[in-house]
1. Give the number of residues within segment 187-216 that are farther than 20 Å from GLY246 by Cα and among the hydrophobic types (A, V, I, L, M, F, W, C).
2. Give the residues of segment 295-340 that are among the hydrophobic types (A, V, I, L, M, F, W, C), out of contact with any Leu (no Cβ under 7 Å at 6 or more places or on another chain) and within 25 Å of ARG262 (Cβ to Cβ), sorted by residue number.
3. Name the pairs whose Cβ atoms lie under 8 Å apart, with the first residue in segment 172-184 and closer than 10 Å to GLY246 by Cβ and in the same structural domain as GLY255 (by TED's automatic domain parsing), the second crowded, with 24+ Cβ neighbours inside 10 Å and aromatic (Phe, Trp, Tyr), and 6 or more positions between them or separate chains?
4. Residues being without any contact (Cβ under 8 Å) to a residue 60 or more places away in the chain and outside any helix (DSSP H, G or I): count how many of those fall in segment 365-381.
5. Would you confirm whether any residue within segment 116-133 is without any contact (Cβ under 8 Å) to a residue 12 or more places away in the chain and in a loop (DSSP other than H, G, I, E, B)?
6. State which residue is surrounded by the fewest Cβ atoms within 10 Å (Cβ to Cβ) when the search covers only segment 50-64 and only residues that are more than 18 Å from TRP11 (Cβ to Cβ) and touching a Phe, Trp or Tyr at 6+ places or on another chain (Cβ under 8 Å).
7. For residues in segment 1-54 being among the basic types (Lys, Arg) and in a strand (DSSP E or B), which is farthest from GLU85 (Cα to Cα)?
8. Report yes if ARG203 is assigned to a loop (DSSP other than H, G, I, E, B) and basic (Lys, Arg), otherwise no.
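The values are calculated or read from the model by the stated rules, or taken from the named source; none is laboratory data. Note that the structure is predicted; figures quoted are calculated from it, not measured. All Cβ positions, even for glycine, are placed from backbone atoms using ideal geometry, and neighbour counts span all protein chains on display.
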Amino acid sequence: MQGNRHWVGTWAAAPAPAEGVVGFNNHTIRLNPRISLGGERLRVRISNAYGNRPLRVGAARIALRDKGPAAVAGSDRKLTFGDSESTIIAAGAVAFSDPVDFSVKPLADLAVSIHLPGEVLANFAITGRYARQTNYISPPGDFTGETVMPVGNLTDQWFFLCGVDVLAPLEAGGIVALGDSLTDGNISTIDAYCRWPDQLARRLVERGGRPMGVMNNGLGGNRILHDLRGDSGVRRFDRDVLSQPGVSHAIVMLGTNDLRNRWAKPEEEVTGAQMIAGLQQMAVRAHSRGINIIGATLTPFGNETFMANAWNPTREEHRLAVNEWIRESGAFDGVADFDAALRDPEIPTQMRGADDCGDGLHPSDSGYCKMGDAINLSLFD
């Protein structure tokens, strides 16, 4: 807290091990987050959460994004760490940059450039989350200060960048969206900003009133109770919810991947009661920190084609039991009824065709936006 202002997350990405063969050696990455809450003073967070050795950052800069790999000329600012242009982030740790004067409006697109001077091996656990938007990797060299960064490769992951914070008025709050690929926005159109947290951020800006940051800590494949890609929901709750700057509210949509049991492990076949117990623990932990927590109902996937045999009548019974508990138990401070928003009234085990991306599991762009529209904004007053 600084005087009558405090730090609030305006953008976030949940750390997770990168998928595929990815390595860096004297490369610059330029990442393009769209923030939610505007302000006059910013800082960034760089994570080495899954690293097994220190991560060297040679230089970093922040700017307004223009188009493609370009920043708006004259907008960039140097980022420092303890007044140094470089830093070394210990394995498993996160580094906060020093605050920088940088005026940005709500929903602005930024360009965050990070030079990685050392070799980051392909088998080194890299922090990254699916972005559903285009980010850039340079040829070898430090190009952080270039208005138009040369491009060696494109990527749709967030590497190392896990947060952007803004110094905001004391009344400003922060909303963390904790979920799986349906919160991450998987299968939505790249560069279209159709994730439901994006839609929520747009609605909050249009409404005016209490300023709120929106932090999307969705993670594809995530489950309540068991690890899959990264830590389970109950394991990462402290890092990805409770530790987020300025968090006042959390929206939790987890459980679909618990039901689907991708690896078909008998010991990971869960019941509704087990999922409810995990969600109950999240509610208790949020309330112990004075955070309002909103439960989001699980959307139907009865005609899923993404993975064979993911749905069966028993798993559907567990989904319905979890949804009933979310709606009726009073464990949460509010409900985001995504199931009601997307289910087909004629076939309630499935999404409406118009809201289905085509795989029976992930929504279409319009379906994701309907999820964002289903959240009652008075929950954040």
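1. Total meeting the criteria: 5.
2. Of all residues in segment 295-340, those among the hydrophobic types (A, V, I, L, M, F, W, C) come to 296, 298, 301, 306-308, 310-311, 320-322, 325-326, 331-332, 335-336, 338, 340.
When the remaining residues are screened for being out of contact with any Leu (no Cβ under 7 Å at 6 or more places or on another chain), the result is 296, 298, 307-308, 310-311, 320-321, 325-326, 331-332, 335-336, 338, 340.
Answer for segment 295-340, where residues must be among the hydrophobic types (A, V, I, L, M, F, W, C), out of contact with any Leu (no Cβ under 7 Å at 6 or more places or on another chain) and within 25 Å of ARG262 (Cβ to Cβ): ALA296, LEU298, MET307, ALA308, ALA310, TRP311, LEU320, ALA321, TRP325, ILE326, ALA336, PHE338.
3. Pairs found: none.
4. 2
5. Residues of segment 116-133 without any contact (Cβ under 8 Å) to a residue 12 or more places away in the chain: 123.
Applying the additional criterion that residues be in a loop (DSSP other than H, G, I, E, B) yields 123.
Yes, segment 116-133 contains at least one residue that is without any contact (Cβ under 8 Å) to a residue 12 or more places away in the chain and in a loop (DSSP other than H, G, I, E, B).
6. ASN52
7. Filtering segment 1-54 for residues that are among the basic types (Lys, Arg) and in a strand (DSSP E or B), the one farthest from GLU85 (Cα to Cα) comes out as ARG5.
8. It is false that ARG203 is assigned to a loop (DSSP other than H, G, I, E, B) and basic (Lys, Arg).
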